[in-house]
Amino acid sequence: MLFNQIAIIGLGLIGGSLAQVAKKKNLCRRVTAFGRDGKRLKEAQQRGIVDDYRIGFSDGFGEVDLVVIATPVGAIVELARDIAPHLNDGTIITDVGSVKAAIVTALDRDLPQRVHFIGGHPIAGTENSGFESSCEGLFVNRI
């Protein structure tokens, strides 16, 4: 296993698909979803997309060593800033935003040096949204 615990913030099409791949390929011990809609998060857990979930963003990061922010681009910087104080030294944050310049500039400036930001990109998608549309094969042959 590469990671102890992966946190996915934003369990939509991309976040849900990443969760499924991480579980199928045993990339981590646990996948935890973070969000605001408890009903949807619970449903994702019941479907086996994630191991557990947290409502909100202020706790539950104790064993997380990779955070994937899979939210709309406009929310990425603020979320990364908000969760950084709760992360362990060496934790990696990545995102699936389709534009990078403003995100990278802000997070390189604002995140503590003990947390590492690596900008990502979704590389895949469909016309559908939500974890209900997620699938472990979304990223196959996309590079």
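Just so you know, all these numbers are worked out from the coordinates, no wet-lab data involved. Worth saying up front: this structure is predicted, and the values here are computed from it rather than measured. We place every Cβ from the backbone using ideal geometry, glycine too, and count neighbours over all the protein chains shown.
Placing +1 on the Cβ of every Lys and Arg and -1 on the Cβ of every Asp and Glu, with nothing else charged, gives region 40-94 a dipole about its Cα centre of roughly 280 debye.
Placing +1 on the Cβ of every Lys and Arg and -1 on the Cβ of every Asp and Glu, with nothing else charged, gives region 26-128 a dipole about its Cα centre of roughly 180 debye. Based on alpha-carbon centroids, what's the gap between region 104-122 and region 21-60 in Å, whole number please? Between the Cα centres of region 104-122 and region 21-60 lies a distance of 23 Å. Histogrammed with a bin width of 10 Å, the alpha carbon distances of region 5-143 distribute as 12, 46, 35, 6 percent, first bin at zero.
Between Glu78 and Ile92, what length comes free when the chain is fully extended (0.36 nm per residue of separation minus the Cα-Cα distance, one decimal in nm)?
My answer for the length gained is 3.4 nm.
Quote the relative contact order of the chain in percent (integer), defining contacts as alpha-carbon pairs under 8 Å separated by 6+ residues. It comes to 29 percent, rounded to a whole number. Full extension of the chain between Asp52 and His116 gives 20.6 nm of extra length, using 0.36 nm per residue less the Cα-Cα distance. Put a dot 7 Å past the Cα of Ala106, heading toward its Cβ, do the same for Asp59, and the two dots end up 2.7 nm apart. Per-residue packing, averaged as other Cβ atoms within 10 Å, sorts the ranges 18-27, 104-113 into the order 18-27, 104-113, beginning with the highest. A straight chain from Asn26 to Ser133 at 0.36 nm per residue would run longer than the Cα-Cα distance by 36.4 nm.
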